[in-house]
Amino acid sequence: MLIDERYDEILRILDEEQYISAQELAKRLYVSLPTIRRDLAELDQRNLIVRSHGGAKKVHHEHTVAPLNYRKTVNAQEKRALCRAAAELIQDNEIIFIDSSTTTLQMGEFIDPKKQVTVITNGITLATRLVQRGIKTYLTGGEIFPNSLAHFGSFAEDFIQRFNIDTFFFSCHGVNEKGMLTDPSLPETQIRKVAIHQSRKTVFLCDETKFSLSTPYNLVPIQTIDCVITNARAVEKYFQEKDMDRVIIVEN
C-alpha cells in the first residue's frame with residue numbers, strides 16, 4: 001500500500017470509529033508500528049487528525065480540507081447521479097466553468113463531446129479527464145493546493161475574469177441553517193465568487209450530507225442560485241413553493 005493510500009485509509013477508518021490506537025492501525029494496514037506513528041505524525045501536522053493516547057482521533061472537517069483522494073470516495077454514487085443530471089443541462093457551444101470540488105468531478109464522464117462546449121476549470125484531475133475525452137478545456141493555472149490538486153489564488157482568479165461564462169457548475173462544503181453556502185477554505189470560496197460574478201447562470205450540486213453544515217467562510221445564499229441539483233428533500237425549506245422550479249431533486 002502506497003503512503004497516500006495509507007493516509008486515505010486511516011482517515012476512512014477514523015470517519016467510522018472516531019478513535020483508534022496506533023497498534024490497531026498497524027495490524028489492519030499490515031505495516032510496522034513505527035510506520036504508523038510516522039503516518040499519524042504527518043496527518044496531525046496537516047491538521048487532519050489529533051494524536052491522542054497512543055492513537056488518533058478524528059478532526060471534524062468543517063474547519064479543514066481533507067485530501068482529494070479521500071473526499072472523492074465519500075458519497076461517490078450520489079455525486080455521480082448529481083453530475084449526470086448536471087451534464088444534461090449543458091447546451092451546445094456553451095462556455096462553462098466547473099470548480100474543483102469532488103462533487104462536480106464526475107461531470108467529466110457525462111459531458112457530450114458532440115456539444116462542442118468549452119470548459120474552464122481549476123481542477124487538475126477534471127481537466128485531464130476532459131482532455132482525454134476530446135473536450136476543449138482551459139486550466140486556470142495558479143498556485144496548486146496539494147489537498148485539492150487544484151489551482152487557487154489571484155492568478156487563477158484573473159484567468160477566470162477573461163471569460164464570459166454561460167454556466168458555472170460548483171459545490172461547496174455545506175449549507176447552513178440560514179441557507180448560506182459555506183466552505184472551510186478561503187481560497188476556494190474566493191475563486192467561486194469570481195466565477196459566480198463572471199457567469200450568466202449558476203448551478204449548485206449538493207448531496208444530502210451537506211445540509212445544515214456551517215463552516216467559516218460564506219459564499220452566497222442558496223436562494224440566489226439559478227439551479228440547485230440535490231438528492232435531499234431538505235432543500236425545500238430554503239425555497240418558497242413558487243421557486244421550486246429552480247430545484248432538481250435526483251432520486252437515489
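The values are calculated or read from the model by the stated rules, or taken from the named source; none is laboratory data. Small disclaimer: the values here were computed from a predicted structure and weren't measured. Methodologically, a virtual Cβ is constructed for each residue, glycine included, from the backbone with ideal geometry; neighbour enumeration extends over all protein chains shown. With ligands, DNA and RNA removed, areas are computed over all heavy atoms of the protein, side chains included. Shrake-Rupley method; radii C 1.70, N 1.55, O 1.52, S 1.80 Å.
Per atom type, the chain shows carbon and sulfur on 48% of its accessible surface, probed at 1.4 Å. What number of lysine-lysine pairs in the chain show an alpha-carbon separation below 16 angstrom, given a sequence spacing of 8 or more or placement on distinct chains? Lysine pairs meeting the criterion: 8. What residues have an amide H closer than 5 Å to that of THR118, excluding those fewer than 5 places away on the same chain, when H is modeled at 1.01 Å from N in the peptide plane? Excluding prolines and chain starts, which carry no amide H, the hits are GLU94, ILE95, ILE96. Phi angles across region 105-122 convert, under the Karplus curve 6.51 cos²θ - 1.76 cosθ + 1.60 with θ = phi - 60°, into 3J(HN,Hα) values of 4, 7, 4, x, 7, 10, 5, 7, x, 5, 6, 6, 7, 10, 10, 10, 8, 9 Hz, Gly and Pro given as x. Taking every alpha-carbon pair in region 166-252 and binning the separations at 5 Å intervals from zero gives 3, 15, 28, 27, 18, 8, 1 percent. LYS193 sits with roughly 80 Å² accessible to a 1.4 Å probe, with DNA, RNA and ligands left out of the calculation. Dipole size of region 172-252 about its Cα centre, with +1 on Lys/Arg Cβ and -1 on Asp/Glu Cβ: approximately 280 debye, rounded to the nearest 20. The charge dipole of the chain, taken about the Cα centre with unit charges on the Cβ atoms of Lys, Arg (+1) and Asp, Glu (-1), comes to about 300 debye, rounded to the nearest 20.
Each Cα pair under 8 Å and six or more residues apart adds its separation to the average, and for the chain the resulting relative contact order is 15 percent. Which percent, to the nearest 5, of DSSP beta bridges fully inside the chain are antiparallel? Percentage antiparallel, nearest 5: 40. The GNM of the chain, with springs linking C-alpha atoms under 10 angstrom apart, assigns the highest mean-square fluctuation among HIS197, HIS53, HIS151 to HIS53.
Among ARG246, ARG162, the sequence by solvent-accessible area, most first, with a 1.4 Å probe is ARG162, ARG246. Specify which labelled value, from (1) 29, 20, 19; (2) 33, 21, 17; (3) 58, 18, 13, agrees with semi-axes √(5λ) of the Cα gyration tensor in Å derived from the coordinates of the model shown. Among (1) 29, 20, 19; (2) 33, 21, 17; (3) 58, 18, 13, the one derived from this structure is (2).
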